[in-house]
Amino acid sequence: MVHRTGAHSLARLLAAGILTIAALGGCAGVFEHSAALPVRHAVVLDQLVIHTDFRMPKQDRLFDDLRALRETMRSTLALQPTTEPIHIYLFENELRFKAYLAKHYPDFPARRAFFLQTENTLAVYAQWGDRVAEDLRHEVAHGYLHASFPTIPLWLDEGLAEYFETPRLDAGLNRPHVALLQTLTTRDGWQPNLARLEQFNSVAEMQQADYAESWAWIHMLLETIPPRRELLQKYLREMRRDGSFEPLSAYLARSLPDADQVVRQHLADLTKK
């Protein structure tokens, strides 16, 4: 199985002590400049504060998409609106982004974007490139979720981000995940296991199939029949209200005892589309 090399949250890695944040001494001149955050220009769009070193129009289609994502997530998940700023640091190219990572996160593997939550800040760091729209949708989805919930299970955080990283017209359908799970089912007899996903505490433990399965559970709940969507909405509402939560697998066992079979059938149906 392939480790995810694109975008996902760093919050769990920090909590697990996997990242080492270090400054490299003796660096100056060009390297210091290229390793700095892009802060020359800033555009405020509702909850988003977008920082760049290159000018971008305020009415850019990409930014409009990220603003629309806020309302899409709010209505889909029945979330209360939040106002906590989410800072997006958008590097103009891969070299600038890699220089920043090399200086500030030297132990972190190469990736195109990441989300980071600290005590006082929600922030997304991303490089400009062919997949910047997908990457930003994924990471900004993490931002909106963490603005809503003081804590959220890792698999659920990633599964929702995988769902919302898809273009709006796709209704959360992540075709590469469908193809991967279909291959694993045919080749290895793969079976969904939500209780297993709930054991993950760090993204370093998750492989590509785990992201795909996390997405599959979310897509089944949101895109099959209304009672399942309402069940997930209720779970999220209680999670935010109480600040603690039982595993979703236990929650589902009372209302959807055949959930594993439902996920399998849902994936089978998606492979026919």
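The values are calculated or read from the model by the stated rules, or taken from the named source; none is laboratory data. Everything quoted here is computed from the prediction, not taken from an experiment. When we count neighbours, we look across all protein chains shown, and the Cβ atoms used for this are built from the backbone with ideal geometry, even at glycine. These accessible areas exclude ligands, DNA and RNA; they are computed on the full protein's heavy atoms, side chains included. Shrake-Rupley method; radii C 1.70, N 1.55, O 1.52, S 1.80 Å.
Observations
- Percent accessible area from carbon and sulfur atoms, the chain, protein chains only, probe 1.4 Å: 52
- In the context of the full protein assembly, Tyr144 retains an accessible surface of approximately 10 Å², using a probe radius of 1.4 Å and ignoring ligands and nucleic acids.
- Solvent exposure of the chain as accessible area per residue, Å², 1.4 Å probe: 47
- Under a 5 Å amide H cut-off, with hydrogens placed 1.01 Å from N, Ile88 pairs with Val49, Ile50, His51, Val124 among residues at least 5 apart or on other chains.
- For Lys98, the aspartates and glutamates whose Cα falls under 15 Å of its own Cα, not counting residues fewer than eight places away in the same chain, are Glu32, Asp107.
- Sorted from longest to shortest, the spans of the Cα atoms of the stretch 158-273 along the three principal axes equal 40, 31, 28 Å.
- Heavy atoms of Trp128 accessible to a 1.4 Å probe, total area in Å² rounded to 10: 100
- Taking the stretch 114-273 and dividing mean pair separation by its residue count, relative contact order in percent (alpha carbons under 8 Å, at least six apart): 22
- Residues Arg187 and Asp269, FRET efficiency given R0 of 30 Å [Cβ-Cβ distance, rounded to 0.05]: 0.90
- Among (1) 66, 34, 29; (2) 61, 38, 37; (3) 54, 41, 40, the entry that matches Cα extents along the principal axes in Å as calculated here: (2)
- Distance in nm between pseudo-label sites at Ala133 and Asp64 (7 Å out along the Cβ direction from Cα): 1.1
- Rounded to the nearest 10 Å², the accessible area of Ile225 at probe 1.4 Å: 80
- Once the Cβ-Cβ distance of Arg40 and Lys234 is raised to the sixth power relative to R0 = 41 Å, the FRET efficiency obtained is 0.35.
- The stretch 199-234 versus the stretch 136-158: alpha-carbon centroid distance in Å: 13
- Segment Asp170..Glu223, full-extension length gain: 18.0 nm, with 0.36 nm per residue of separation and the alpha-carbon distance subtracted.
- Of all DSSP beta bridges confined to the chain, the antiparallel ones make up roughly 45%.
- Rg followed by Dmax, in Å, when the stretch 107-231 is reduced to its Cα trace: 14.9, 46
- Each residue of the stretch 153-168 is assigned a 3J(HN,Hα), and the resulting list reads x, 4, 4, 5, 4, 6, x, 5, 5, 5, 5, 7, 6, 6, x, 3 Hz, derived from the Karplus form 6.51 cos²θ - 1.76 cosθ + 1.60 (θ = phi - 60°), x at Gly and Pro.
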